[in-house]
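Data block below; observations after.
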Amino acid sequence: MAIYCTGDTHGDFSRLSVRQFPEQKALTREDYLIVLGDFGGVWDGGRPEQHLLDELERRPFTTLFLDGNHENYDLLAAYPTISWHGGLVQPVRPHVLHLCRGQIFQLLGKSFFVFGGAASHDIQGGVLDPADPDWRRQAKILRRRGVSYRVLGQSWWPEELPSPEEYETARQNLDAAHWQVDYVLTHCAPDSVQHAILGTAEQDNALTAFLEKVSRHAAFSAWYFGHYHRSQVLGEKYHLLYTDIEKLC
Ligand SMILES: [Fe+2]
């Protein structure tokens, strides 16, 4: 049995085809492929998206995903939450599961602390509110200027960053585990790791600060994350993944 990880898929699961991921020929439902946030398979709820999820369900392995900053949190919230391998998940298909924030899962004899979410940084034009009667005109101006923007409830959700309750859940579960896990899985990185990747502290936020505390206080063997659209190993423990598929254990 095996666990594989990959970075942001943004609704494009072509890297999970048999041709690009031939290892799956030997995998079963007890093997896992984890997408480290910005899954993008719960985005507009349309028929093509449903077919993509059905296709994922037909893969021989079980797909797990963290949430990132590019998920439709309204649609995601509509899926029921169940207990699974020691933590909470939302099945979007029987074998395609959203790993909820702050949970610790036991898989193949290893423990995984999972905490998704990230702050969007590709919104120089800001977030437009459809409740504002002028938003379409503003959007047109931004498009004409080539400035990226997002629309509240359509392409951006405040839930991209964790709530106070989710931080508290994470703390309680880490306390119960004495802050010792085998793996940490997140979408974005702790402050210090993010600085090393970006060369700036400009994108620090409450989540990256919380993850910095986890990185300093928790004992773990390896930390895997996505979000920054490149693959890189930082120090000995921090693995940034994008399109690579890496075997964890
Ligand atoms: Fe992201």
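Per-structure values
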| item | result |
| --- | --- |
| Quotient of C-alpha Rg and 2.2 N^0.38 Å, computed over region 205-249 | 1.22 |
| Relative contact order [Cα under 8 Å, 6+ residues apart], region 186-249, whole percent | 29 percent |
| Equivalent ellipsoid semi-axes - Cα gyration tensor, region 106-237, angstrom | 34, 17, 12 |
| Nonlocal amide H pairs with residue 227, under 5 Å, H built at 1.01 Å | 8 |
| Exposure ranking of 178, 187, 85, 239 by accessible area [1.4 Å probe, largest first] | 178, 85, 239, 187 |
| At 0.692 mPa s and 37 °C, Stokes D of region 3-121 from Kirkwood alpha-carbon radius, µm² per second | 228 µm²/s |
| Cβ crowding within 10 Å averaged over residues, with 130-136, 226-232, 30-36, 64-70 ranked highest first | 64-70, 30-36, 226-232, 130-136 |
| Value of relative contact order over the chain, rounded to a whole percent, pairs C-alpha under 8 Å and six or more apart | 21 percent |
| Global geometry of region 71-113, whether rounded, prolate or oblate, following the gyration tensor of its Cα atoms and the 1.5 cut on a/c | prolate |
| Value at 222 nm in deg cm²/dmol, rounded to 500, when DSSP H runs of n ≥ 4 in the chain each add -39,500 (n - 2.57) | -7000 deg cm²/dmol |
| Rel. contact order, % - alpha carbon contacts under 8 angstrom, at least six apart, region 99-155 | 29 percent |
| Total formal charge among the other residues, if their Cβ is under 11 angstrom from that of residue 127, Lys/Arg +1 and Asp/Glu -1 | -2 |
| Under-19-angstrom lysine pairs by C-alpha in the chain, whenever the two are 8 or more apart or on separate chains | 5 |
| The chain - share of DSSP beta bridges that are antiparallel (%, nearest 5) | 40 percent |
| Solvent-accessible area per residue for the chain (1.4 angstrom probe, square angstrom) | 46 Å² |
| Cα pair count fraction exceeding 15 Å, expressed as % - region 1-73 | 52 percent |
| Rg/Rg_globular for the chain, with Rg_globular taken as 2.2 N^0.38 Å and Rg from C-alpha atoms | 1.00 |
| The chain - percent of accessible surface contributed by carbon and sulfur, probe 1.4 Å | 51 percent |
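The values are calculated or read from the model by the stated rules, or taken from the named source; none is laboratory data. As the structure is a prediction and not an experimental result, all values here were calculated from the model. Reconstructed Cβ throughout: ideal geometry from the backbone, glycine too, with neighbour counts over all protein chains shown. Side chains included, ligands, DNA and RNA excluded: accessible areas come from the protein's heavy atoms. Shrake-Rupley method; radii C 1.70, N 1.55, O 1.52, S 1.80 Å.
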